[in-house]
Amino acid sequence: MYREAGGYRQDRGRFQEEQRPGHQLPEDGKSVETQQSRYASGYTLIPPNETRRNEIQRIARKELEDLERWKEEHRPGPINLAPKRIGGIETEANARQKQQNTLKLSKYQQKFNRDDYRRKVKEEEEAKILKMKAIQREKATRLEATRQQQDMQRKKECEEDKYVKNNDFLSTLESGLSSRRSCQNGGVGQQSTVWARSLGYQQTQKEEEERNLQQMKEAQNRKSDLLESKQRQKEKERKTYLQMEHRRVNNAFLDRLQGKSQSSDQPGHLRKTDGSGSESWVLSGVS
C-alpha cells in the first residue's frame, strides 16, 4: 500500500510539472506524449488535442464578433413622437360613475351566471330523474309482460289438466253406464256402484257449496247491519252534538244581550218577558 501511494504521488508530481507553462517537452517526444494517455491509481488522464481546441476557440470568437457586429448594425434608433395630450378628457365624477356602473354590471353578470349554472344543474338533475323513471317504467313493463305470460302459461296448463281430468271422469262414467246397461237385466240391486258414488259425491259437493254460500251471505248481512247501525248511531250523535252546540251559542248570545240591557226602562233596548211558559224578547221604550 505504501509503495502504491508513493508511486501515485510521484506520477502526480510528474504530471503537474509537465503542465507548468515553463516546462517544455523534447522535440522528438512531443507528438508521442500528446497522443498517449496517462494512468495514475485508477484514473485515466487524456491530454487535449491542441489543434482542435484552438480551432473551436477561433470559431467561437468569430461567431461572437459577428453577433456583436449584427447587434450594432440593427440597434434601434431614437424614437421621435409628436407631443400630444394624454388622458384628462373625463372628469373624476364621470370616471367614478363609469366604474360604479361597471361594478353593478359585473354583479348582475355574476348573478346571471350563478342562476344559469343553477338552472343547468337543475335541468341535468331533472334529465337524470326522467331517465331513471323511464328505466323503471321499462322494467315495470317487462315485468308486467312476464307476469301476463306466466299467467297465460299457468292458465293453459290448468285448462289442459282440467281437460284431462274431465276426460278421465267421462271415461269413468261411460264405463259405469256400460256396466249398468250390461247389468240392467239383473235388477236394480245390481246397479253400478261407481255411478252411485259419483252421484252421491256430486250431491254432497253441491250441498256443501250451497251451505258455504248461505253462511257467507249471512255473514255479509250481519256486517252490513252492524255497519248501518254504527252509521245511524254516529249520525244521531252528530245531530245531538250540533243541537247542543246551537243551544250553547244561542244562550251565549242571549246572555250577552241581557248583559247589555241591564235596565228594562231604558228606551231602545230588548227586554225579556215570560208569558204562558215561553220566553220572548220585546223592544222596550218604543211608543
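May I ask you to say which residue of Ser179, Ser171 is modelled with pLDDT under 75, assigned to a helix (DSSP H, G or I) and surrounded by 10 or more Cβ atoms within 10 Å (Cβ to Cβ)?
None of the others qualify; the one that does is Ser179.
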Could you tell me which of the residues Ser287, Ser276, Ser280, Ser263 is in contact with a strand residue (DSSP E or B) (Cβ under 7 Å, 6 or more places away or on another chain) and modelled with pLDDT under 75?
Ser280
Considering Lys71, Lys139, which residue is at pLDDT 90 or above, surrounded by fewer than 10 Cβ atoms within 10 Å (Cβ to Cβ) and in a helix (DSSP H, G or I)?
Lys71
Take Ala196 and tell me if it is modelled with pLDDT of 90 or more and surrounded by 10 or more Cβ atoms within 10 Å (Cβ to Cβ).
no
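Within the bounds of region 33-50, is there any residue that is at pLDDT 85 or above and either of a type outside the set (Phe, Trp, Tyr) or loosely packed, with under 10 Cβ neighbours inside 10 Å (or both)?
Looking through region 33-50, at least one residue is at pLDDT 85 or above and either of a type outside the set (Phe, Trp, Tyr) or loosely packed, with under 10 Cβ neighbours inside 10 Å (or both).
One line per residue, one yes/no per condition, for (1) surrounded by fewer than 10 Cβ atoms within 10 Å (Cβ to Cβ); (2) at pLDDT 90 or above; (3) among the aliphatic types (A, V, I, L, M); (4) in contact with a Leu (Cβ under 9 Å, 6 or more places away or on another chain):
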position	(1), (2), (3), (4)
Leu81	yes, no, yes, no
Gly87	yes, no, no, no
Thr91	yes, no, no, no
Asn94	no, no, no, no
Lys107	no, no, no, no
Arg118	no, yes, no, no
Glu124	no, yes, no, no
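The values are calculated or read from the model by the stated rules, or taken from the named source; none is laboratory data. Here the structure is a predicted model, which is why all the values come from computation and not from measurement. When we count neighbours, we look across all protein chains shown, and the Cβ atoms used for this are built from the backbone with ideal geometry, even at glycine.
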